[in-house]
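What follows is a short report on a single structure.
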Amino acid sequence: MKLLVINGPNLNMLGIREKNIYGAETYEDLKNLVEKTFAEKGIEGEIYQSNHEGDLVDRIQQAYFDGTNGIVINPAAYTHTSVAILDALKAVMLPAVEVHISDVKTREDFRQISYAGKACVKTIMGKGFQGYVEAIEYLVENYK
Ligand code: DQA
């Protein structure tokens, strides 16, 4: 099984940005946790981050052609704005799990819509980095 974990804008700033919301751990820490989880589950995987909407669309499309079996995606701010990411997820027809580090549903009104979430089989929010582990586990248990 091959999974792709995608992170959107400003998640490379974890450990620096709004630590009261996202915690003190860095993007490097998240990368290590995700890669450790792939190894423990005995699966292939890649973790990808971009600040650019089109690059995120390109990477999702690429997943259709490179043998990826499932996607974990935190589109970050593009969650609430991007029909292009929603359409890309629909286009590739791969099972996708939406992850948010913070508990988005208790935050501002403008964060209450998730476009990407409409193409996801599950959403996990408010569990910090552990949400990524749970998302990978969910895909392994249901789609391996
Ligand atoms: C986020 C929540 C989004 O609203 C925000 O724009 C982010 C991170 C999260 O992981 O909690 O950048 O996706």
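Brief remarks follow.
- Relative contact order %, the chain, counting alpha carbon pairs below 8 Å whose residues are six or more apart: 27
- FRET efficiency estimate (nearest 0.05) - Cβ-Cβ, residue 91 to residue 40, R0 35 angstrom: 0.70
- Only helices enter the 222 nm calculation for the chain: every DSSP H run of n ≥ 4 contributes -39,500 (n - 2.57), and dividing by all residues gives -12000 deg cm²/dmol, rounded to 500.
- Each residue of the stretch 129-134 was assigned a 3J(HN,Hα) from its phi angle through the Karplus curve 6.51 cos²θ - 1.76 cosθ + 1.60 (θ = phi - 60°); the sequence is 5, 4, x, 5, 4, 4 Hz, with glycine and proline shown as x.
- Over the stretch 1-71: Kirkwood hydrodynamic radius from C-alpha pairwise inverse distances, Å: 13.0
- Calculated P(r) of the chain - Cα pairs past 22 Å, %: 31
- Computed about the Cα centre, the dipole magnitude for the chain is approximately 280 debye when only Lys and Arg (+1) and Asp and Glu (-1) carry charge, each at its Cβ.
- Converting phi to 3J(HN,Hα) with the Karplus coefficients 6.51, -1.76 and 1.60 and the offset θ = phi - 60°, the stretch 4-19 yields 10, 9, 10, 10, x, x, 6, 6, 5, 9, 4, x, 10, 6, 5, 4 Hz in sequence order, with x at every glycine or proline.
- Estimated distance in nm for a label pair at residue 64 and residue 26, the labels positioned 7 Å out from Cα along Cα-to-Cβ: 3.7
- Exposed-site-free run, longest, the chain (rule: GluC sites (Glu not before Pro); DSSP loop; at most 11 other C-beta within 10 Å): 19-107
No lab work stands behind these numbers, since they all come straight from the coordinates. As the structure is a prediction and not an experimental result, all values here were calculated from the model. Here Cβ is always computed from backbone atoms with ideal geometry, including for glycine, and neighbour counts include all displayed protein chains.
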